[in-house]
1. Quick one: dipole size for the stretch 11-139, taken about the Cα centre, charges +1 on Lys/Arg Cβ and -1 on Asp/Glu Cβ, in debye to the nearest 20.
2. What full-extension length gain, to one decimal in nm, is calculated for ARG206 and LYS426 as 0.36 nm per residue of separation minus the Cα-Cα distance?
3. Under unit Cβ charges (Lys, Arg +1; Asp, Glu -1), what dipole magnitude, rounded to 20 debye, does the stretch 291-445 have relative to its Cα centre?
4. Out of every Cα pair in the stretch 3-129, what percent are spaced more than 17 Å from each other?
5. What is the local net charge at SER237, summed over the other residues whose Cβ is closer than 9 Å to its Cβ (Lys, Arg +1; Asp, Glu -1)?
6. Work out Dmax and Rg for the stretch 291-445 from the C-alpha atoms and quote the Rg first, both in angstrom.
7. Scattering from the C-alpha atoms of the chain alone, worked out with Debye: what is log10 I(q)/I(0) at q = 0.05, 0.07, 0.14 1/Å?
8. When the dipole is taken about the Cα centre of the chain, and only Lys, Arg (+1) and Asp, Glu (-1) are charged at their Cβ, what size is it in debye, to the nearest 20?
Amino acid sequence: MRRAVVLFTGDLRLHDHPPLRAALAAADEVVPLFVRDPAVARAGFAAPNRLAFLADCLADLDASLRERGGRLVLREGDPAEQVCGVAAEADADEVHVAAADSGFAQAREDRLRRELTAAGRRLHVHDTVVTAVPPGALTPQGSDHFAVFTPYFRHWSGYRLRDTLPAPRTVRVPDGVRSAPLPKAAPGPVPGGESEARRRLTGWLRGGLASYDRGQDDLAGDRTSRLSAHLHFGTLSPVETVHRARAVGGAGAEAFVRQLCWRDFNRQLLAARPRVSGADYRTRQDRWRTGRAAQADAAAWREGRTGYPVVDAGMRQLREEGWMHNRARLLVASFLTKTLYVDWRVGAAHFLELLVDGDVANNQLNWQWVAGTGTDTRPNRVLNPVAQGRRHDPDGAYVRRWVPELAGVEGAAVHEPWKLPEADRKKYPDRLIELSDGLARFRQARGLEG
Ligand SMILES: Cc1cc2nc3c(=O)[nH]c(=O)nc-3n(C[C@H](O)[C@H](O)[C@H](O)COP(=O)(O)OP(=O)(O)OC[C@H]3O[C@@H](n4cnc5c(N)ncnc54)[C@H](O)[C@@H]3O)c2cc1C
């Protein structure tokens, strides 16, 4: 009787799961294992919104395994110790896992390999589980990663993806491997789990995808897929998502697949430079504002009371939904890092506290992109929240949805409440700063003339 362990990490699904398929091909019985690592909580990464989503994912994975004759085994503790313990209990000679990308996951993989090898067992690492194209598979001449998106996208688009793998029909799990109880479902802002992910993807491919190219920046229309948390937790496979979108075809699908490429782009960058989760990818010698005034500005930003309606709408949506529209993410991040000149890490940490899709690669590298310390080829661009509001929320409906003080203001006038009579502004706050003052301070800090 041959046995194997499959360690689930950011890939909480049964469809298109290379480690599970390989384990089932090699062994008669398989232990599907998830380890809750207390180090994740110690690192401040166990945000309640994501824990609620995770609880749904684990319950759904367990239910799908039970339909196939198996079950999920849950353990708590150091992943290397737990995996070695389970492998010994099950007498499994191999362990299968998705390839790591972040520094945290790379360290986990290294330890796992060392300890399993010492115990006479093998670790099999599988790529194309959490990305469509493996990090490092595409490189420009003279570097181990792409630093600019456009050429990466060109190469990525020509890369031949592997075929999608079906979910297994049966999974036999050895008797006697004990499991901790699954976490209790907690109410979260977004339902998790592979079944929900697949329903959502199918609905999106039939509905929203076709007009995605025209609607992706429409703040009020909410015309994006909202699949980000599913891609983060791996309840959806990126390979399958790309294949299925391409099969639909058209300009909407092309624009959507391009966004999925951004995901891979960030991951290949983080895999090559794990330090950029906390350090500037390209330093601009910033001496970010600190001290009491900067802290008060950051607090107003977090609470959605900067006095710039579209910024405040985004921040309030984040607090309420654990999600924010991409256009709003760009705007609020530009406002914090450029107009207020506060360190991108302050903003990134707040996002990670609340986002259900909070993801080290996508979050830290998008923050760096906006702050100009990342891969943006125009690092000093500053987004004007009034002009952007007028452009991407022309009727003001997004602002009115999230900023009740301004709910009675009609049309685009909602983007400039300081021009309204006092009575119409209710208790909506004054602007923290004039945009021109913020711009001048930023340009001076970056040593740009004028
Ligand atoms: C400051 C800032 C912080 C961000 N933090 C995160 C984060 O923590 N986690 C996260 O998944 N995304 C993050 N993003 C990227 C993007 O905003 C979200 O992925 C997107 O808004 C999620 O909504 P959606 O699923 O409807 O996206 P769609 O527009 O439907 O896009 C489809 C998928 O493509 C990927 N994608 C889209 N835009 C980007 C992008 N710019 N970079 C990387 N991948 C992208 C996502 O996986 C997304 O689900 C951040 C962007 C900014 C500007």
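1. In total the dipole reaches around 220 debye.
2. Residue separation times 0.36 nm, minus the Cα-Cα distance, leaves 75.0 nm.
3. 320
4. Tail fraction, whole percent: 56.
5. Surrounding charge for SER237 is -2.
6. Cα only, the stretch 291-445: 14.8, 45 Å (Rg, Dmax).
7. Taken in order of the listed q values, log10 I(q)/I(0) reads -0.20, -0.38, -1.35.
8. 560
Read-outs throughout are calculated quantities, based only on the coordinates presented, and are distinct from any laboratory measurement. Keep in mind it's a predicted model, so treat the numbers as computed, not measured. Cβ sites come from the backbone with ideal geometry, for glycine too, and all protein chains shown count toward neighbours.
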